[in-house]
1. Working only within the stretch 36-61, note down all residues that are more than 19 Å from the chain's Cα centre (by Cα), under 22 Å from Gly99 (Cβ atoms) and either part of a helix (DSSP H, G or I) or hydroxyl-bearing (Ser, Thr, Tyr) (or both).
2. Could you check the stretch 2-35 and list, in sequence order, the residues that are out of contact with any helix residue (DSSP H, G or I) (no Cβ under 8 Å at 6 or more places or on another chain), crowded, with 16+ Cβ neighbours inside 10 Å and outside any helix (DSSP H, G or I)?
3. Kindly indicate whether any position in the stretch 97-111 is out of contact with any Lys or Arg (no Cβ under 8 Å at 6 or more places or on another chain), loosely packed, with under 12 Cβ neighbours inside 10 Å, free of Cβ contacts under 8 Å to residues at least 12 places away in the same chain and part of a helix (DSSP H, G or I).
4. So which residues in the stretch 36-53 are touching a helix residue (DSSP H, G or I) at 6+ places or on another chain (Cβ under 8 Å) and open to solvent by less than 70 Å² (accessible area, probe 1.4 Å), if there are any at all?
5. Against the definition (in a helix (DSSP H, G or I) and open to solvent by less than 50 Å² (accessible area, probe 1.4 Å)), how does Val64 come out, yes or no?
Amino acid sequence: MQLSIVYAIAAIAKFAVPQWSDGTAFWYWLQMPTFGLPPDMFAAFAPVLEHPLIMVTATYAVLVFELSLVGAIWTRGRWSRLVLGAGIAFHAGIAIVLGLWSFGITMAGALLICRALQNAAVMSINVQRPGARSVVLGEG
């Protein structure tokens with residue numbers, strides 16, 4: 001539950017920041033000397049990153065993705081597994097590309113635990129008494 005609150009607050013609070021609401025936050029974030037892309041990497045991707053439509057789309061995609069993680073934490077099924085897997089990859093990318101190792105590993109680990117708990121819940125629902133019909137919830 002706490003993990004879903006973290007993602008909900010992270011997404012909702014960003015709407016109050018002008019750079020997030022106008023779609024430019026991702027551009028500024030990538031240029032930060034402390035946490036942004038390394039200069040060589042930024043220079044290599046500059047032609048793509050300087051395109052306003054790509055930056056605005058990427059900024060809003062982060063907000064949608066964070067809100068999607070809130071839903072994925074509380075549901076089961078293919079969609080949930082896909083979003084949680086993407087969240088794990090997203091946070092691993094943050095760790096590797098932006099150098100935020102403790103944040104990236106912590107959040108990816110939390111999503112891994114969430115995914116494991118979802119799998120355990122599906123497995124426990126599938127346990128049956130002798131002679132009962134097998135019903136698996138959460139597959140879909």
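1. Listed by number, the residues that qualify are Pro39, Asp40, Met41, Phe42, Ala43, Ala44, Phe45, Ala46, Val48, Leu49.
2. Of everything in the stretch 2-35, nothing turns out to be out of contact with any helix residue (DSSP H, G or I) (no Cβ under 8 Å at 6 or more places or on another chain), crowded, with 16+ Cβ neighbours inside 10 Å and outside any helix (DSSP H, G or I).
3. Yes: one or more hits.
4. Selection gives Gly36, Leu37, Met41, Phe42, Leu49.
5. Answer is no for this residue.
The values are calculated or read from the model by the stated rules, or taken from the named source; none is laboratory data. What you are looking at is a predicted structure, and each value in this text was computed from that prediction instead of being measured. Neighbour counts run over all protein chains shown; Cβ positions are idealised from the backbone, glycine included. SASA here: full protein model, heavy atoms, side chains in, ligands and nucleic acids out. Shrake-Rupley method; radii C 1.70, N 1.55, O 1.52, S 1.80 Å.
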